[in-house]
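Each remark here refers to the structure printed beneath this line.
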Amino acid sequence: MEQDVLPLQPTPAAVPWLWKWDELYQLAAMAGKLIELEDGGDRRALGLSNPGLNGKPYATETLWMALQWLNGKEIAPPHRHIAQASRFIIQSEGSYSTVEGNRIFLERGDFVLNPPLLWHDHGSINNNHAIWLDALDIPVTNYLNANFFESHYLDKQKVTKKINASVLKYGNGNYRPLWEDPINEYPPVSVYKWKETLKALNGLKEADEACPYDDLALEYVNSFNGNSSMKTFGASIQLIRPKIHTKAHRHVSSNVYYIFEGSGYSVIDGVRFNWSEGDFLVIPTWAYHEHCNTSESTDAILFSVSDRPLMQAMDKYRQEPLKENDGHQIVHSVFTGNL
Ligand code: GTQ
Ligand code: FE2
């Protein structure tokens, strides 16, 4: 049988890659100066373009990841699409996202959901610019030829609910107003506040249990059904304690990391990637990977997005540990940014 048709194992075109924060920040800030947002649902988003994907602006075969820059007092006009969207907030003091009339103010570390076909616009009420990491399933949607996109006739939605309504109504997502039926499709609260996430991470630290491959990691879940937050991808927050060096494994799912705090390195298929706050890292599907927090005293906190929920839904997910060398790869080079 032709191996192009039935390869022995996954053969990702996406390559392991690291984008440094300083470079990305400069590009995004320059885009903020040079590019005006226009009507028609426009966004100022810098898509992370994996060098293995022939110039496509995709981070992996399945994930669109972009740095979105919003200037102070600016409005990114309303639109909607079938693509599932989410954002992790890198910087924001006074910026918001309005989803179906529900305006939520955002702070650093918040994880925000935008389920399919819900109208959304973003804005900032003061002079501060905002920077978000957008994660969408655009590559999957386009591969399936399933995309729909529509811009709104208004230049911003009317706010029809109280500010921060979904947070006020559902709290942390563990409670449901008794007069409402469960909404199982997507989590009822459209934001996971950083304050809650940090509390959960600190709790896990006390729990005396850890994962050999990730140290302490929590997936953002739909608390009404236990599933991942989105259907085609999920997101996690991970804390690697000082001096922890995890074991290597590989799985059928690709991951994109954002280094929220701390510094260390990951080894991906034998190449060492040194990272620090603000960097982005791609781990392609089926690549061996392990992580190390090099600090003696501070935690490393990593946000990541994974297409694992999609793989699992289609019964394609597999995972295996590295068996040799006590579960650690042999490092043969250090990533320099050259292909
Ligand atoms: O903020 O609505 O990075 O629709 C890509 C597509 C952001 C958004 C992106 C989008 C958005
Ligand atoms: Fe959008």
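The values are calculated or read from the model by the stated rules, or taken from the named source; none is laboratory data. All of these numbers come straight from a predicted model, not from anything done at the bench. Ideal geometry is used to build each Cβ from the backbone, glycine not excepted, and the neighbour counts take in all protein chains shown. When the accessible area is computed, the model is the full protein with side chains, heavy atoms only, and any ligands, DNA or RNA have been set aside. Shrake-Rupley method; radii C 1.70, N 1.55, O 1.52, S 1.80 Å.
Residues of the range 171-183 that are at pLDDT below 90 and open to solvent by less than 80 Å² (accessible area, probe 1.4 Å): GLY171, ASN172, GLY173, PRO182, ILE183. Taken over the range 82-93, the criterion of being away from ligand 2 (no atom under 15 Å from the Cβ) and either open to solvent by 40 Å² or more (accessible area, probe 1.4 Å) or part of a loop (DSSP other than H, G, I, E, B) (or both) is satisfied by GLN91, SER92, GLU93. The set of residues in the range 55-77 that are near ligand 1 (Cβ under 9 Å from one of its atoms) and over 23 Å from GLU261 (Cα atoms) contains only ALA76. Please work out which residue is surrounded by the most Cβ atoms within 10 Å (Cβ to Cβ), limiting yourself to the range 295-322 and to residues that are acidic (Asp, Glu) and on the phi < 0 side of the Ramachandran plot. Filtering the range 295-322 for residues that are acidic (Asp, Glu) and on the phi < 0 side of the Ramachandran plot, the one surrounded by the most Cβ atoms within 10 Å (Cβ to Cβ) comes out as ASP307. Inside the range 186-226, residues that are within 16 Å of GLU261 (Cβ to Cβ) and touching an Asp or Glu at 6+ places or on another chain (Cβ under 7 Å) make up a count of 1.
Looking at this structure, is LYS73 free of Cβ contacts under 8 Å to residues at least 24 places away in the same chain and of a type in the set (Lys, Arg)? Judged against the criteria, LYS73 is not a match.
Residues in the range 323-339 that are open to solvent by 100 Å² or more (accessible area, probe 1.4 Å) and either hydrophobic (A, V, I, L, M, F, W, C) or in a loop (DSSP other than H, G, I, E, B) (or both): LYS323, GLU324, ILE330, HIS332, THR336, ASN338, LEU339.
Residues that are within 16 Å of ligand 1 (Cβ to nearest atom) and within 23 Å of PRO57 (Cα to Cα): does the range 153-164 have at least one?
Initially, the range 153-164 is screened for residues within 16 Å of ligand 1 (Cβ to nearest atom), giving 154-157.
Adding the requirement that they be within 23 Å of PRO57 (Cα to Cα) leaves none.
The answer is no; no qualifying residue exists.
In the range 13-28, is there at least one residue being within 16 Å of ligand 1 (Cβ to nearest atom) and in a loop (DSSP other than H, G, I, E, B)? No.
Within the option set PRO188, PRO139, PRO115, being at pLDDT below 95 and either crowded, with 17+ Cβ neighbours inside 10 Å or in contact with a Phe, Trp or Tyr (Cβ under 9 Å, 6 or more places away or on another chain) (or both) holds for one residue only, PRO188. Just checking: which of the strands (runs of 3 or more DSSP E) contained wholly in the range 102-146 hold 1 or more residues that are within 12 Å of ligand 2 (Cβ to nearest atom), free of Cβ contacts under 8 Å to residues at least 60 places away in the same chain and out of contact with any helix residue (DSSP H, G or I) (no Cβ under 9 Å at 6 or more places or on another chain)? Those strands (runs of 3 or more DSSP E) span 120-124. Looking at the range 35-81, none of the strands (runs of 3 or more DSSP E) lying wholly inside it contains 3 or more residues that are of a type in the set (Ser, Thr, Tyr), farther than 20 Å from HIS120 by Cβ and within 15 Å of the chain's Cα centre (by Cα).
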